[in-house]
Amino acid sequence: MRRTFIAAAIAATMALPTVGHAKTLRWASQGDILTLDPHAQNEGLNIAASSYVYEPLVQYNPDFEISPGLATAWEQVEPTVWRFTLRQGVKFHDGSDFDAQDVVFSIKRAMAPTSHFKAYVNGIEDVRAVDAHTVEIITGGPNPVLLRQLTNVFIMDQGWAEKHNAAAPQDFSKNEETYAARNANGTGPYQLKSREVDVRTVFVENPGWWNKADKKGNVTEVIYTPIRQAATRTAALLSGEIDFVLDPPAQDLQRLQQQVKVVEGNEYRTIYLGLDQGSKELKYSTIKGKNPFADVRVREALYRAIDVEAIKKAVMRGLSAPTGTMIAPQVQGWTKELAQRVPYDPERARELLKEAGYAEGLNFTLDCPNNRYINDEAICQAVVAMWARVGVQARLNAMPRATYFPKVQSFDTSAYLFGWGVPTFDALYTLQSLIRSKNEGADGSFNFGYYQNDEVDKLIDQVKVETDEAKRNAAIHRALQIHAQEFGHIPLHDQVIPWAMKKNVNVIHRADNRLSVEWVTID
């Protein structure tokens, strides 16, 4: 029934008229775009959808080098002042002119309390318009990764946002509905044509895009269809109903490789478990009056009880790289030594639980998405079973990403599975968001388990402003070492991401798992 519905939805969209050499790309993954507000939800699929419509000041080229976007030039005029020259003649999709006030508005919007993009504006104290085509960004101190942060700060039309009461980002964690969550108006290569939540979203080529002459791809229409069931996604691709699958099921890859095109590569995303170690007692446990996760012996026991090699073989079908740290190899600050895991040792796990006073049992709920990461629910099922072997009773609470993210982002969890990519390719993005204690701005914004260590906080604050590379790397390494010794989180593996597509579809595989449609060609 679900497959029939998907086929009907795609067929209905295919009936739309095309002209000239128009090429339609129909693609799918397991979950839907969560919101169209470009500053409301810092999540991979969401950022990809935003990038079709909105643009940043600077952007990555296919080699992940910084290149011009809505800014044509930039310079650091003082240690804490960056000046950007803006591209002239650019218009938003509704015909409004792009200028410096839109940049000032958008950066400040990304800094707002309801924004989930604070990590991308970390260190920015102010932004000002020098004239209609020049802006200056003022930072609180030297910021060695500012340009990489800005690649995901999308620029909105101030007038459009204010007209539709969308001057502030949607509060996604509270399920707020806003005009910008279902509508869009950017300067990018595609315009939003239609949006049906959990059914399909359609984008069409922007005929007035400033960079159309240099566009690498030939796609003129994009149809995104969420297909939750793995078997249905595979069947839709093999039958020709869709052209591309972002997350082909691991169990189907061998068959897909024989019939369609499959490309794969390492993602910069680390899959890990978080534990609420800061609350006085766990919200989702029958153990009252104390918090077992506050005891490092319990956290170590849960870590040692997990056989990541078994997960790699049986659950991931080889598409994972087990790790002992919170950043992937592509990220500045990673070392092979940091990535070494503490050995799998269920006997030692039992001993640690006994020492901590939980020989008779430990129970809690593990929250898990079931349509976000590769085999996410299956990973959680395997972890729960492994914990059970050492006497831990974890109740699995799996749910769709649209429900999961607001739950954990409201800190309404005792234990959870999460995946963290690093768009800046720098460890600060992980250290500040996941490991630093909660503070203003991006500090601790995704630290749902309340991990805290004063020395680690000081090291992270040093990393924010240190421009000496050797000193900065030393601070990164020390912060990650202390966090690992305290089992602040339980890293599992870095994702290996395959993409599957019809043989006439040509893509550039990206480590951030983002399908850049403007680079896609269809033969």
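Give all pairs with beta carbons closer than 6 Å in which a residue from the range 397-412 that is farther than 18 Å from residue 364 by Cα and touching a residue at least 12 places away in the same chain (Cβ under 8 Å) meets a residue that is open to solvent by less than 20 Å² (accessible area, probe 1.4 Å) and part of a loop (DSSP other than H, G, I, E, B); count only pairs at least 6 apart in sequence or on separate chains.
The qualifying pairs are 400/371; 401/31; 401/371.
Is there a residue being within 29 Å of residue 123 (Cα to Cα) and either surrounded by fewer than 22 Cβ atoms within 10 Å (Cβ to Cβ) or among the charged types (D, E, K, R) (or both) anywhere in the range 392-407?
yes
For residues that are open to solvent by 30 Å² or more (accessible area, probe 1.4 Å), assigned to a helix (DSSP H, G or I) and of a type in the set (D, E, K, R), tally how many sit in the range 224-255.
1
Just checking, how many residues over the range 63-86 are assigned to a loop (DSSP other than H, G, I, E, B) and either open to solvent by 50 Å² or more (accessible area, probe 1.4 Å) or in contact with a helix residue (DSSP H, G or I) (Cβ under 7 Å, 6 or more places away or on another chain) (or both)? Walk me through how you get there before you give the answer.
Initial filter on the range 63-86 (assigned to a loop (DSSP other than H, G, I, E, B)): 63-65, 69-70, 79-80.
When the remaining residues are screened for being either open to solvent by 50 Å² or more (accessible area, probe 1.4 Å) or in contact with a helix residue (DSSP H, G or I) (Cβ under 7 Å, 6 or more places away or on another chain) (or both), the result is 63, 65, 79.
The number of residues fulfilling the criteria is 3.
Among the residues of the range 338-352, how many are under 18 Å from residue 469 (Cβ atoms) and surrounded by fewer than 17 Cβ atoms within 10 Å (Cβ to Cβ)?
Residues meeting the conditions: 0.
Which residues, taken from the range 346-374, are farther than 30 Å from residue 248 by Cβ, modelled with pLDDT of 95 or more and not aliphatic (A, V, I, L, M)?
346, 347, 348, 350, 351, 354, 355, 357, 358, 363, 364, 365
Considering only residues that are open to solvent by 30 Å² or more (accessible area, probe 1.4 Å) and within 26 Å of the chain's Cα centre (by Cα), which ones fall in the range 285-309?
The first filter runs over the range 285-309 and keeps only residues open to solvent by 30 Å² or more (accessible area, probe 1.4 Å), leaving 286, 288-290, 294-297, 300, 304, 307, 309.
307, 309 - these are the residues of the range 285-309 that are open to solvent by 30 Å² or more (accessible area, probe 1.4 Å) and within 26 Å of the chain's Cα centre (by Cα).
Could you please find all residues in the range 438-456 being within 17 Å of residue 485 (Cβ to Cβ) and not β-branched (Val, Ile, Thr)? Spell out the reasoning first.
Our first condition is that a residue be within 17 Å of residue 485 (Cβ to Cβ); within the range 438-456, this holds for 449, 451-456.
Within the range 438-456, 449, 451, 452, 453, 454, 455 meet the criteria.
Exactly one condition in (1) under 24 Å from the mean Cα position of the chain (by Cα); (2) assigned to a helix (DSSP H, G or I) is not met by residue 500; state its number.
Unmet for residue 500, out of (1) under 24 Å from the mean Cα position of the chain (by Cα); (2) assigned to a helix (DSSP H, G or I): (2).
Mind listing just one residue for me: the one in the range 39-55 that is among the polar types (S, T, N, Q) and assigned to a helix (DSSP H, G or I) and, of those, farthest from residue 372 (Cα to Cα)?
51
Looking at the range 441-459, is at least one residue at pLDDT below 95, open to solvent by 20 Å² or more (accessible area, probe 1.4 Å) and in contact with a helix residue (DSSP H, G or I) (Cβ under 9 Å, 6 or more places away or on another chain)?
Yes, the range 441-459 contains at least one residue that is at pLDDT below 95, open to solvent by 20 Å² or more (accessible area, probe 1.4 Å) and in contact with a helix residue (DSSP H, G or I) (Cβ under 9 Å, 6 or more places away or on another chain).
Tell me, which helices (runs of 4 or more DSSP H) wholly within the range 111-216 include 1 or more residues that are farther than 23 Å from residue 78 by Cα and open to solvent by less than 30 Å² (accessible area, probe 1.4 Å)?
Per the criteria, 158-163, 179-182.
The values are calculated or read from the model by the stated rules, or taken from the named source; none is laboratory data. Computed from a prediction, not measured in an experiment: that's the story for all the values here. We place every Cβ from the backbone using ideal geometry, glycine too, and count neighbours over all the protein chains shown. Side chains are part of the model used for accessible areas, which takes the heavy atoms of the whole protein and leaves out ligands, DNA and RNA. Shrake-Rupley method; radii C 1.70, N 1.55, O 1.52, S 1.80 Å.
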